[in-house]
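K.L.:
Take a look at the following structure, please.
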Amino acid sequence: MSLRVIFLGPPGAGKGTQADELAREWGVPHIATGDMLREAARRGTPLGLEAKRFMDEGALVPDDVVIGLVGERLAEPDAVSGAVLDGFPRTVAQAEALDRLLREQGTALDRVIFFNVSRPELLRRLTGRRVCRGCGATYHVVSAPPRVPGVCDRCQGQLEQRVDDREEAVATRLDVYETQTSPLLEYYRRRSILTEIKGEGAVEDVAAAIRTAVGQAVPS
Ligand code: AP5
Ligand code: MG
Ligand code: ZN
């Protein structure tokens, strides 16, 4: 099976939560540029350190950096079967670059899923989010708490708040989304591959809506 899907939506919409489960279910890699950049920053690579300056403020990392990173990742063997792209593309220039990359590989996108979530809910999710230092698993202090406060259920790692989940950076990220990323809705709508889903409600209900949208319903 081959499946190439973009999860598109504002910060905190639930892209990572859904991609984590669904990519595993579909047998394709979950490619999240935010996770890749945070990992590079943690390792202290030159690219990671450059990216961190933008990320901590809630600004976008320059297009050429991110496009280079995704180009390399899509060339790895496991991405032959497809991918769930989470947080990329985020600008029209990135979307055009992705079209070129896929064309060179003789493939194309199957679907773009837009997660529609209201602003108050985004703020609630971002301010309550906690992430595992060890494995990156995502929690929410109210709606998805770990069994033991502050400790990861999967790996016993310590949970922490992302630097860019502080109030000032969150406001910047929401503005950046509106001005730079939301034009992609029209970009993909014109290509007739955009499906909007309701990103609010139980995690499992959102997952079901996504499965239906990409035609990968789980037989019951
Ligand atoms: P990135 O890491 O991609 O952050 P983002 O797009 O802002 O999105 P988030 O990860 O904050 O939210 P999400 O949609 O994954 O939500 P989640 O599932 O965690 O990017 C970070 C930074 O990296 C950018 O600001 C930029 O600097 C840089 N960057 C990355 N990609 C780039 C690119 N292409 N170009 C340039 N720069 C780039 O869920 C959020 C919370 O809600 C969690 O607590 C979760 O438990 C909870 N939750 C999830 N679903 C539900 C539900 N159904 N009900 C209740 N709670 C829920
Ligand atoms: Mg995410
Ligand atoms: Zn963990």
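K.L.:
Output the direction-averaged projected area (hull surface divided by four) of the convex hull of the alpha-carbon atoms of the stretch 1-130, in nm².
P.N.:
Values: hull surface 32.8 nm².
Mean orientational projected area (the stretch 1-130, Cα hull): 8.2 nm².
K.L.:
Once you sort the root eigenvalues of the Cα gyration tensor of the stretch 175-220 as a ≥ b ≥ c, which label holds: rounded (a/c under 1.5), prolate (a/b larger than b/c) or oblate (the other case)?
P.N.:
Values: a/c = 4.41, a/b = 1.65, b/c = 2.67.
Cα axes put the stretch 175-220 in the oblate bin.
K.L.:
Moving on. For D20, tell me the accessible area in Å² from a 1.4 Å probe, rounded to the nearest 10.
P.N.:
50 Å²
K.L.:
Of Q105, G199, P149, which is farthest on the positive side of the dipole of the chain, counting Cα position, with +1 on Lys and Arg Cβ, -1 on Asp and Glu Cβ, and the Cα centre as origin?
P.N.:
In the chain, that residue is P149.
K.L.:
Here is a further query. Might you tell me the accessible area per residue for the chain, computed with a 1.4 Å probe and given in Å²?
P.N.:
Computed with neighbouring chains in place, this is 51 Å² per residue.
K.L.:
May I pose another question? Roughly how big is the stretch 93-220's charge dipole about its Cα centre, with Cβ charges of +1 (Lys, Arg) and -1 (Asp, Glu), in debye to the nearest 20?
P.N.:
On the way: 19 positive and 18 negative charges, 51 e Å.
Roughly 240 debye, rounded to the nearest 20.
K.L.:
Please compute, over every Cα-Cα pair in the chain, the percentage with a separation greater than 30 angstrom. Present the calculation step by step, with values, prior to reporting the outcome.
P.N.:
On the way: 4489 of 24090 pairs.
In whole percent, the share of Cα-Cα pairs in the chain beyond 30 Å is 19.
K.L.:
Mind grabbing the accessible area of L123 for me, 1.4 Å probe, Å², rounded to tens?
P.N.:
70 Å²
K.L.:
For the stretch 1-32 and the stretch 80-115, write down the distance between their C-alpha centroids in whole Å.
P.N.:
12 Å
K.L.:
Percent antiparallel among DSSP beta bridges with both residues in the chain, to the nearest 5? Working shown, then result.
P.N.:
Working: 8 of 25 bridges.
If I count the DSSP bridges inside the chain, around 30 percent turn out antiparallel.
K.L.:
Counting other Cβ atoms within 10 Å, which trypsin sites (Lys or Arg not before Pro) in the stretch 110-169 have at most 10 and lie in a DSSP loop? Don't skip to the end; give the middle numbers.
P.N.:
Numbers: sites: R111, R124, R125, R129, R130, R133, R147, R154, R162, R166; in loops: R133, R147, R154, R162, R166.
Hits after loop and neighbour filter: R147.
K.L.:
Could you give the length gained by full extension between E160 and R190, i.e. 0.36 nm per residue of separation minus their alpha carbon distance, to one decimal place?
P.N.:
On the way: separation 30, 0.36 × 30 = 10.80 nm, distance 4.00 nm.
Extending this stretch completely gives an extra 6.8 nm.
K.L.:
Show me, for the stretch 100-115, the HN-Hα J-couplings you get by feeding each phi into the Karplus relation (A = 6.51, B = -1.76, C = 1.60, θ = phi - 60°), rounded to Hz, glycine and proline as x.
P.N.:
Result, ordered by residue: 5, 4, 5, 4, 4, 8, x, 10, 7, 6, 8, 6, 10, 9, 9, 8 Hz.
K.L.:
Related question: If I compute solvent accessible area with a 1.4 Å probe over the protein chains, what percent of it on the chain is carbon and sulfur? Walk me through the intermediate numbers first.
P.N.:
Values: 5820 of 11120 Å².
C and S atoms contribute 52 percent here.
K.L.:
So what are the ³J(HN,Hα) numbers for the stretch 71-76, from phi and the Karplus equation (6.51, -1.76, 1.60; θ = phi - 60°), rounded to whole Hz, Gly and Pro as x?
P.N.:
Running phi through 6.51 cos²θ - 1.76 cosθ + 1.60 with θ = phi - 60° gives x, 5, 5, 5, 7, 6 Hz.
K.L.:
Still on this model: Please give me, ordered by residue number, the GluC sites (Glu not before Pro) of the stretch 157-215 that lie in loop per DSSP and have at most 16 other Cβ atoms within 10 Å.
P.N.:
On the way: sites: E160, E167, E168, E178, E186, E196, E200, E204; in loops: E200.
Listed in order of number, the matching sites are E200.
The values are calculated or read from the model by the stated rules, or taken from the named source; none is laboratory data. Here the structure is a predicted model, which means the values were calculated and not measured. All Cβ positions, even for glycine, are placed from backbone atoms using ideal geometry, and neighbour counts span all protein chains on display. Please note that ligands, DNA and RNA were not included when accessible areas were found on the heavy atoms of the full protein model with its side chains. Shrake-Rupley method; radii C 1.70, N 1.55, O 1.52, S 1.80 Å.
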